[in-house]
1. ALA158 is checked against (1) of a type outside the set (Lys, Arg); (2) at pLDDT below 80; (3) out of contact with any Lys or Arg (no Cβ under 9 Å at 6 or more places or on another chain) and fails just one. What number does that condition carry?
2. Starting from residues that are open to solvent by 40 Å² or more (accessible area, probe 1.4 Å) and either touching a helix residue (DSSP H, G or I) at 6+ places or on another chain (Cβ under 6 Å) or farther than 19 Å from VAL100 by Cβ (or both), keep the ones in the stretch 28-47 and report whichever is modelled with the highest pLDDT.
3. Check the stretch 58-79 and report whether any residue there is open to solvent by 40 Å² or more (accessible area, probe 1.4 Å) and on the phi > 0 side of the Ramachandran plot.
4. Just to be sure, is ARG67 basic (Lys, Arg), modelled with pLDDT of 85 or more and out of contact with any helix residue (DSSP H, G or I) (no Cβ under 9 Å at 6 or more places or on another chain)?
5. Given the condition free of Cβ contacts under 8 Å to residues at least 60 places away in the same chain, under 23 Å from VAL189 (Cβ atoms) and not charged (D, E, K, R), answer yes or no: does some residue in the stretch 42-61 qualify?
6. Can you tell me which of VAL217, VAL170, VAL221, VAL238 is surrounded by fewer than 22 Cβ atoms within 10 Å (Cβ to Cβ) and either assigned to a helix (DSSP H, G or I) or among the acidic types (Asp, Glu) (or both)?
7. Do you know which residues across the stretch 109-123 are out of contact with any Phe, Trp or Tyr (no Cβ under 7 Å at 6 or more places or on another chain), open to solvent by 10 Å² or more (accessible area, probe 1.4 Å) and assigned to a helix (DSSP H, G or I)?
8. Scan the stretch 173-205 for residues that are outside any loop (DSSP other than H, G, I, E, B) and out of contact with any Phe, Trp or Tyr (no Cβ under 7 Å at 6 or more places or on another chain) and report the count.
Amino acid sequence: MQHSASSRPLVGVVLVVCSCLSLPFGAAVAAQLFPVLGPWGVTSLRVAIAAVLLLVIARPRPARWTRTQWIAAALFGLSLAGMNGFFYAAIDRIPLGPAVAIEFLGPLVLAAVLTRRLTDAAWVAVALLGIVLLGVDGLIGAEPLDPIGLVLILIAAAFWAMYIRMSARVGTLIPGSGGLAVGLAVAAVLLIPVGVPAAVTVVGDMQLLLLAAITAVLSSVIPYSFELAALRRLPQRVFGVLLSLEPAFATLAGWLILGQNATPLRMLAIALVVIASIGTTLGVRHARRRADADARRDGAGSDVGTRSADGTGRGDGTGPDEGGPDEGGADDTGPFTAPIPLPG
């Protein structure tokens, strides 16, 4: 029996974990370019290089897209430009670990708003506690957080929430990676005003260009491709809480690459976000098994009930193939995985 992509949540979990591993190492490489290119210049180059790579790989055909698909891709690109630009501007002022922890407030608030079950809310609360502890650790540590950096990372958090919504929308409307490729191209166009000076600087320096390309692959091509695929397999509320692994990996990357200390408070915070991610994963797998079992029972009952007295198999109602349960199961209904309405 062949299952739909949404019936394989474990694959989605693996994709999110790989994305969370790739992003902080890309950010660490990008930080080495800030003194020369500035955070917005690095953002522009990274997004432009990622857009070119994905346009070549995915080969989308946007000329055939509908107006709805174009609007979704354009808003997706806006979210990518804002999320990346303000994040890099923030980590130019505050450490990587606390920055990612505070930015995670965006998807965490989104997960809290979208959740419908008490267990989901409980795991969101556990993840929130871990994020708060990471933030407290950044505030009481040896280096206080820059106020402007805090404002910038909060703006990035809002764009991150928008990115999750629009990524799910694009994944629903546009097959493959075409939507991501065009979204990155839109983001690259939006960032042209801040990217021209950086492009001029790297033209004659192959080392800078190589670092920018590595940043693009680690911070854009790999994580966004994996996250887009994950959102086709996981409800948005589950995806949002699983992203709580990202600040944990960012803290680890800060310790390994940037020499930032892993304090006991920070380790406790990492443990909490990992527990929340495991709890969410187990919850969605349990819900999926229960939904599949219910669907099988309903299908068996409907097969018996639709048989008429003369044994022809036709009754007053529709057969199981016409009115049966949705392939996605009960866990995939509602506002979390249905097409997301766009503003206006």
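1. (2)
2. Looking at the filtered set, the residue picked out is TRP40.
3. yes
4. yes
5. Checked the stretch 42-61: at least one residue is free of Cβ contacts under 8 Å to residues at least 60 places away in the same chain, under 23 Å from VAL189 (Cβ atoms) and not charged (D, E, K, R).
6. Working: VAL170 fails: surrounded by fewer than 22 Cβ atoms within 10 Å (Cβ to Cβ); VAL221 fails: surrounded by fewer than 22 Cβ atoms within 10 Å (Cβ to Cβ); VAL238 fails: surrounded by fewer than 22 Cβ atoms within 10 Å (Cβ to Cβ).
Being surrounded by fewer than 22 Cβ atoms within 10 Å (Cβ to Cβ) and either assigned to a helix (DSSP H, G or I) or among the acidic types (Asp, Glu) (or both) holds for just one of VAL217, VAL170, VAL221, VAL238, which is VAL217.
7. Answer for the stretch 109-123, where residues must be out of contact with any Phe, Trp or Tyr (no Cβ under 7 Å at 6 or more places or on another chain), open to solvent by 10 Å² or more (accessible area, probe 1.4 Å) and assigned to a helix (DSSP H, G or I): VAL109, LEU110, ALA112, VAL113, LEU118, THR119, ASP120, ALA121, ALA122, TRP123.
8. Total satisfying the criteria: 22.
The values are calculated or read from the model by the stated rules, or taken from the named source; none is laboratory data. In this text the structure is predicted, and so the values were computed from the model without any measurement. Note: ideal-geometry Cβ built from the backbone for every residue, glycine included; neighbour counts use all protein chains shown. The accessibility values were calculated without ligands, DNA or RNA, using every heavy atom of the protein model including side chains. Shrake-Rupley method; radii C 1.70, N 1.55, O 1.52, S 1.80 Å.
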